[in-house]
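A.B. asks: Have a look at this one.
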Amino acid sequence: MPIVIKPLLADQREEALSFIQPYESECVNLTSELLRGGTDCWALYYADQEASQTKTFAGLIALRKKRSLFFCLPFAKYKSAFDKKVCSEAQRPLMEFFESREPFCVNGEAAGAVFLRNILKNKKSPMRPSVTNKYFLMARDCGAENQKASQDLNAGGGFGFAKDLRVVQATAADYEILLPLELGYQREEVVPKSFDVSDAALAAAFKHELEQGLTFALFDGARPIAKARLAASGQRYCMLGGVYTIPSERKKGRAAFLVSQIIARSKAHGVNNFCLYAKQENAAALALYKSLGFTPRGEYMLVYY
(Lines give C-alpha, C1' and ligand atoms only; values in the text may rest on other atoms or scores of the structure.)
Protein backbone atom coordinates (compact mmCIF):
# COMPACT_ATOMS: atom_id res chain seq x y z
CA MET A 1 0.00 0.00 0.00
CA PRO A 2 2.59 2.63 -1.08
CA ILE A 3 1.87 6.29 -0.36
CA VAL A 4 2.39 8.98 -3.00
CA ILE A 5 2.49 12.75 -2.58
CA LYS A 6 1.06 14.98 -5.27
CA PRO A 7 0.20 18.71 -5.45
CA LEU A 8 -3.43 19.25 -4.52
CA LEU A 9 -5.40 20.23 -7.62
CA ALA A 10 -8.06 22.93 -7.60
CA ASP A 11 -10.84 20.44 -8.32
CA GLN A 12 -9.78 18.37 -5.29
CA ARG A 13 -10.22 21.12 -2.71
CA GLU A 14 -13.81 20.29 -1.80
CA GLU A 15 -12.86 16.65 -1.28
CA ALA A 16 -9.87 17.75 0.79
CA LEU A 17 -12.06 19.97 2.97
CA SER A 18 -14.41 17.03 3.56
CA PHE A 19 -11.43 14.90 4.58
CA ILE A 20 -10.28 17.53 7.10
CA GLN A 21 -13.68 18.25 8.62
CA PRO A 22 -13.65 15.61 11.41
CA TYR A 23 -10.23 16.88 12.53
CA GLU A 24 -10.68 20.59 11.88
CA SER A 25 -10.28 21.82 15.46
CA GLU A 26 -6.67 20.57 15.39
CA CYS A 27 -5.78 21.88 11.93
CA VAL A 28 -7.64 25.18 11.42
CA ASN A 29 -4.55 26.76 9.84
CA LEU A 30 -4.52 24.09 7.14
CA THR A 31 -8.25 24.50 6.51
CA SER A 32 -7.73 28.25 6.19
CA GLU A 33 -5.00 27.69 3.59
CA LEU A 34 -7.33 25.51 1.54
CA LEU A 35 -10.26 27.93 1.80
CA ARG A 36 -8.24 30.88 0.58
CA GLY A 37 -6.71 28.91 -2.27
CA GLY A 38 -3.17 28.56 -0.98
CA THR A 39 -1.05 27.03 -3.74
CA ASP A 40 1.51 25.13 -1.65
CA CYS A 41 -0.77 22.25 -0.63
CA TRP A 42 -0.14 18.56 -1.21
CA ALA A 43 -2.15 15.37 -0.81
CA LEU A 44 -0.95 12.02 0.48
CA TYR A 45 -2.91 9.14 -1.01
CA TYR A 46 -2.53 5.50 -1.85
CA ALA A 47 -0.53 4.70 -5.00
CA ASP A 48 -3.06 2.15 -6.29
CA GLN A 49 -5.54 5.05 -6.61
CA GLU A 50 -3.26 7.25 -8.70
CA ALA A 51 -5.07 6.46 -11.95
CA SER A 52 -8.50 6.72 -10.34
CA GLN A 53 -10.72 9.78 -10.69
CA THR A 54 -11.69 9.58 -7.01
CA LYS A 55 -8.85 9.35 -4.49
CA THR A 56 -9.05 8.65 -0.77
CA PHE A 57 -6.66 10.92 1.04
CA ALA A 58 -4.32 9.54 3.68
CA GLY A 59 -3.28 13.04 4.70
CA LEU A 60 -2.73 16.65 3.67
CA ILE A 61 0.13 19.09 4.16
CA ALA A 62 0.67 22.77 3.31
CA LEU A 63 3.63 25.12 3.43
CA ARG A 64 2.70 28.75 4.00
CA LYS A 65 5.27 30.99 2.33
CA LYS A 66 7.51 27.90 2.19
CA ARG A 67 8.19 28.25 5.93
CA SER A 68 5.23 27.26 8.14
CA LEU A 69 4.23 23.61 7.78
CA PHE A 70 0.58 22.73 8.52
CA PHE A 71 -0.86 19.25 8.23
CA CYS A 72 -3.67 16.78 8.76
CA LEU A 73 -2.19 13.31 9.31
CA PRO A 74 -4.77 11.23 11.21
CA PHE A 75 -2.75 8.03 10.81
CA ALA A 76 0.05 9.50 12.97
CA LYS A 77 -2.06 8.84 16.07
CA TYR A 78 -1.58 5.07 15.60
CA LYS A 79 -5.18 4.18 16.49
CA SER A 80 -5.04 0.93 14.52
CA ALA A 81 -2.69 -1.52 12.83
CA PHE A 82 -3.72 0.09 9.54
CA ASP A 83 -2.53 3.50 10.80
CA LYS A 84 0.81 1.98 11.77
CA LYS A 85 1.19 0.52 8.27
CA VAL A 86 0.38 3.89 6.66
CA CYS A 87 2.99 5.57 8.90
CA SER A 88 5.58 3.10 7.70
CA GLU A 89 4.64 3.52 4.04
CA ALA A 90 4.57 7.32 4.23
CA GLN A 91 8.07 7.77 5.62
CA ARG A 92 10.09 7.34 2.43
CA PRO A 93 7.99 9.60 0.16
CA LEU A 94 7.89 12.27 2.86
CA MET A 95 11.67 12.15 3.31
CA GLU A 96 12.07 12.57 -0.44
CA PHE A 97 9.51 15.38 -0.45
CA PHE A 98 11.38 17.31 2.24
CA GLU A 99 14.81 16.92 0.66
CA SER A 100 14.08 20.05 -1.37
CA ARG A 101 11.98 21.80 1.29
CA GLU A 102 13.06 23.02 4.70
CA PRO A 103 10.24 24.39 6.87
CA PHE A 104 11.03 26.85 9.62
CA CYS A 105 8.19 25.67 11.86
CA VAL A 106 6.04 22.54 12.10
CA ASN A 107 2.69 23.65 13.52
CA GLY A 108 -0.10 21.31 14.60
CA GLU A 109 -1.46 18.34 16.51
CA ALA A 110 1.24 16.67 18.62
CA ALA A 111 1.30 13.13 17.15
CA GLY A 112 1.56 14.47 13.61
CA ALA A 113 4.19 17.01 14.65
CA VAL A 114 6.34 14.28 16.23
CA PHE A 115 5.94 12.11 13.12
CA LEU A 116 7.07 14.97 10.86
CA ARG A 117 9.88 15.94 13.23
CA ASN A 118 11.25 12.40 12.88
CA ILE A 119 10.92 12.55 9.09
CA LEU A 120 12.93 15.79 8.97
CA LYS A 121 15.55 14.36 11.34
CA ASN A 122 16.06 11.17 9.31
CA LYS A 123 16.11 12.47 5.74
CA LYS A 124 19.41 12.56 3.79
CA SER A 125 20.04 16.18 4.78
CA PRO A 126 18.87 16.00 8.43
CA MET A 127 17.08 18.87 10.14
CA ARG A 128 17.19 18.99 13.91
CA PRO A 129 14.80 21.22 15.87
CA SER A 130 16.20 24.09 17.89
CA VAL A 131 13.07 24.61 20.01
CA THR A 132 9.92 22.55 20.64
CA ASN A 133 6.99 24.20 22.42
CA LYS A 134 4.21 22.02 23.83
CA TYR A 135 0.63 23.16 24.32
CA PHE A 136 -2.82 21.90 25.12
CA LEU A 137 -5.29 22.29 22.27
CA MET A 138 -8.56 23.62 23.67
CA ALA A 139 -11.90 23.91 21.90
CA ARG A 140 -15.22 25.56 22.60
CA ASP A 141 -18.06 23.96 20.64
CA CYS A 142 -21.55 25.31 20.22
CA GLY A 143 -23.88 23.01 22.16
CA ALA A 144 -26.02 22.49 25.21
CA GLU A 145 -23.01 22.20 27.51
CA ASN A 146 -22.03 25.76 26.55
CA GLN A 147 -25.49 27.30 26.63
CA LYS A 148 -24.95 28.97 30.00
CA ALA A 149 -21.45 30.09 29.00
CA SER A 150 -22.91 31.70 25.87
CA GLN A 151 -25.56 33.49 27.90
CA ASP A 152 -22.87 34.77 30.26
CA LEU A 153 -20.77 36.05 27.36
CA ASN A 154 -23.69 37.89 25.80
CA ALA A 155 -24.53 39.41 29.15
CA GLY A 156 -20.97 40.61 29.76
CA GLY A 157 -19.89 37.52 31.64
CA GLY A 158 -20.58 39.05 35.03
CA PHE A 159 -17.47 41.23 34.76
CA GLY A 160 -18.04 44.02 37.23
CA PHE A 161 -15.55 46.29 35.48
CA ALA A 162 -17.04 45.92 31.98
CA LYS A 163 -18.58 49.40 31.97
CA ASP A 164 -15.12 50.96 32.43
CA LEU A 165 -13.53 49.19 29.47
CA ARG A 166 -14.05 49.14 25.73
CA VAL A 167 -13.17 46.53 23.11
CA VAL A 168 -12.01 47.87 19.74
CA GLN A 169 -11.59 46.01 16.48
CA ALA A 170 -8.15 47.34 15.60
CA THR A 171 -7.08 48.80 12.27
CA ALA A 172 -3.83 50.05 10.78
CA ALA A 173 -4.50 53.37 12.54
CA ASP A 174 -3.91 51.62 15.88
CA TYR A 175 -0.48 50.33 14.87
CA GLU A 176 1.71 52.61 16.99
CA ILE A 177 -0.34 52.40 20.17
CA LEU A 178 -0.70 48.60 20.01
CA LEU A 179 2.83 47.77 18.86
CA PRO A 180 4.29 47.61 22.41
CA LEU A 181 1.68 44.95 23.32
CA GLU A 182 2.48 42.94 20.20
CA LEU A 183 6.22 43.07 20.88
CA GLY A 184 5.59 42.01 24.49
CA TYR A 185 3.50 39.08 23.29
CA GLN A 186 6.06 37.98 20.70
CA ARG A 187 8.97 38.16 23.12
CA GLU A 188 7.16 36.41 25.98
CA GLU A 189 5.08 33.82 24.14
CA VAL A 190 6.28 33.20 20.61
CA VAL A 191 9.86 33.95 19.59
CA PRO A 192 12.32 31.46 21.11
CA LYS A 193 14.94 33.24 23.20
CA SER A 194 17.71 31.66 21.13
CA PHE A 195 16.39 33.22 17.90
CA ASP A 196 17.69 36.52 16.56
CA VAL A 197 14.51 38.21 15.37
CA SER A 198 14.48 42.00 15.19
CA ASP A 199 11.69 44.23 16.50
CA ALA A 200 11.49 45.69 12.99
CA ALA A 201 10.61 42.28 11.51
CA LEU A 202 7.99 41.66 14.20
CA ALA A 203 6.56 45.14 13.66
CA ALA A 204 6.23 44.60 9.91
CA ALA A 205 4.36 41.35 10.46
CA PHE A 206 2.05 43.05 12.97
CA LYS A 207 1.25 45.87 10.54
CA HIS A 208 0.19 43.29 7.97
CA GLU A 209 -1.91 41.52 10.61
CA LEU A 210 -3.75 44.74 11.48
CA GLU A 211 -4.61 45.29 7.83
CA GLN A 212 -6.61 42.06 7.93
CA GLY A 213 -8.97 43.53 10.55
CA LEU A 214 -8.92 40.46 12.81
CA THR A 215 -7.12 41.96 15.82
CA PHE A 216 -9.01 43.22 18.87
CA ALA A 217 -7.76 45.42 21.70
CA LEU A 218 -9.06 46.16 25.18
CA PHE A 219 -8.75 49.80 26.23
CA ASP A 220 -8.99 51.36 29.68
CA GLY A 221 -9.73 54.90 28.63
CA ALA A 222 -7.10 55.77 26.04
CA ARG A 223 -4.67 53.11 27.27
CA PRO A 224 -4.54 49.68 25.56
CA ILE A 225 -4.16 46.95 28.17
CA ALA A 226 -4.79 43.69 26.29
CA LYS A 227 -4.98 42.29 22.76
CA ALA A 228 -6.07 39.12 20.94
CA ARG A 229 -6.97 38.09 17.42
CA LEU A 230 -8.81 35.64 15.23
CA ALA A 231 -5.73 33.83 13.96
CA ALA A 232 -7.36 31.55 11.35
CA SER A 233 -10.83 30.64 10.11
CA GLY A 234 -11.94 27.23 8.95
CA GLN A 235 -15.30 25.77 7.93
CA ARG A 236 -16.55 25.13 11.47
CA TYR A 237 -13.88 26.57 13.76
CA CYS A 238 -12.15 29.87 14.30
CA MET A 239 -8.75 29.86 16.02
CA LEU A 240 -8.02 32.49 18.66
CA GLY A 241 -4.43 33.61 19.22
CA GLY A 242 -2.13 36.42 20.22
CA VAL A 243 -3.78 36.82 23.63
CA TYR A 244 -1.69 39.20 25.73
CA THR A 245 -2.25 41.45 28.74
CA ILE A 246 0.26 44.04 29.93
CA PRO A 247 1.96 42.93 33.18
CA SER A 248 0.34 45.58 35.41
CA GLU A 249 -3.17 44.43 34.44
CA ARG A 250 -2.77 40.68 34.82
CA LYS A 251 -4.85 38.52 37.19
CA LYS A 252 -7.72 41.00 36.95
CA GLY A 253 -9.84 39.16 34.38
CA ARG A 254 -8.86 41.48 31.54
CA ALA A 255 -7.96 38.76 29.04
CA ALA A 256 -11.07 36.76 29.97
CA PHE A 257 -13.25 39.80 29.27
CA LEU A 258 -11.55 40.52 25.94
CA VAL A 259 -11.78 36.93 24.72
CA SER A 260 -15.42 36.69 25.86
CA GLN A 261 -16.28 39.79 23.84
CA ILE A 262 -14.49 38.50 20.73
CA ILE A 263 -16.46 35.25 20.99
CA ALA A 264 -19.75 37.09 21.50
CA ARG A 265 -19.14 39.37 18.51
CA SER A 266 -18.03 36.47 16.30
CA LYS A 267 -21.12 34.46 17.23
CA ALA A 268 -23.25 37.39 16.05
CA HIS A 269 -21.67 36.83 12.62
CA GLY A 270 -22.35 33.09 12.64
CA VAL A 271 -19.08 31.78 14.11
CA ASN A 272 -20.00 29.29 16.84
CA ASN A 273 -16.96 27.06 17.42
CA PHE A 274 -13.55 28.21 18.61
CA CYS A 275 -10.19 26.67 19.39
CA LEU A 276 -6.82 27.83 20.67
CA TYR A 277 -3.65 26.41 22.14
CA ALA A 278 -2.18 27.28 25.53
CA LYS A 279 1.19 26.37 27.02
CA GLN A 280 0.91 23.29 29.19
CA GLU A 281 2.74 24.96 32.07
CA ASN A 282 0.58 28.10 32.01
CA ALA A 283 -1.98 27.17 34.69
CA ALA A 284 -3.50 30.67 34.75
CA ALA A 285 -4.23 30.65 31.00
CA LEU A 286 -5.68 27.13 31.14
CA ALA A 287 -7.98 28.14 34.00
CA LEU A 288 -9.03 31.28 32.11
CA TYR A 289 -10.01 29.37 28.98
CA LYS A 290 -11.83 26.66 30.94
CA SER A 291 -13.89 29.40 32.62
CA LEU A 292 -14.97 30.53 29.13
CA GLY A 293 -16.20 27.08 28.11
CA PHE A 294 -13.05 25.73 26.45
CA THR A 295 -12.13 22.11 27.13
CA PRO A 296 -8.86 20.25 26.41
CA ARG A 297 -9.01 18.46 23.06
CA GLY A 298 -5.49 17.04 22.88
CA GLU A 299 -1.91 18.18 22.61
CA TYR A 300 -0.43 20.64 20.15
CA MET A 301 3.17 21.43 19.19
CA LEU A 302 5.27 24.09 17.52
CA VAL A 303 8.63 22.73 16.37
CA TYR A 304 11.10 25.43 15.30
CA TYR A 305 14.18 24.91 13.10
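A.B. asks: Within the range 247-266, identify whether any single residue is of a type in the set (K, R), surrounded by fewer than 19 Cβ atoms within 10 Å (Cβ to Cβ) and part of a helix (DSSP H, G or I), and answer yes or no.
C.D. replies: Yes, the conditions are met somewhere in the range 247-266.
A.B. asks: Let me ask you something else. Kindly provide the set of residues from the range 273-303 that are more than 24 Å from P74 (Cβ to Cβ) and surrounded by 16 or more Cβ atoms within 10 Å (Cβ to Cβ), ordered by number.
C.D. replies: A285, L286, L288, Y289, L292, G293
A.B. asks: Only one residue in Y305, Y277 is under 17 Å from the mean Cα position of the chain (by Cα) and touching a residue at least 12 places away in the same chain (Cβ under 8 Å). Which one?
C.D. replies: Result of the check over Y305, Y277: Y277.
A.B. asks: Mind checking which residues of the range 115-128 are over 20 Å from L34 (Cβ atoms) and buried (at least 16 other Cβ atoms within 10 Å of the Cβ)?
C.D. replies: Within the range 115-128, F115, R117, I119, L120, K123, M127 meet the criteria.
To keep it simple, each residue is scored yes or no on (1) touching a residue at least 40 places away in the same chain (Cβ under 8 Å); (2) more than 27 Å from M239 (Cα to Cα).
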| site | (1), (2) |
| --- | --- |
| L94 | yes, yes |
| F104 | yes, no |
| R117 | yes, no |
| K123 | no, yes |
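A.B. asks: Here's something else I'd like to know. Would you tally the residues in the range 80-94 being crowded, with 16+ Cβ neighbours inside 10 Å and either among the small types (G, A, S) or touching a Lys or Arg at 6+ places or on another chain (Cβ under 6 Å) (or both)?
C.D. replies: Selection size over the range 80-94: 1.
A.B. asks: Can I ask one more? If L288 meets every condition in (1) modelled with pLDDT under 95; (2) of a type outside the set (K, R); (3) not in a helix (DSSP H, G or I) apart from one, which number is that one?
C.D. replies: Of (1) modelled with pLDDT under 95; (2) of a type outside the set (K, R); (3) not in a helix (DSSP H, G or I), only one is false for L288: (3).
A.B. asks: Considering the range 174-192 alone, what residues qualify as being under 16 Å from K279 (Cα atoms) and among the charged types (D, E, K, R)?
C.D. replies: Of everything in the range 174-192, those that are under 16 Å from K279 (Cα atoms) and among the charged types (D, E, K, R) turn out to be R187, E188, E189.
The values are calculated or read from the model by the stated rules, or taken from the named source; none is laboratory data. All figures in this text were calculated on a predicted structure; none of them were measured in a lab. Note: ideal-geometry Cβ built from the backbone for every residue, glycine included; neighbour counts use all protein chains shown.
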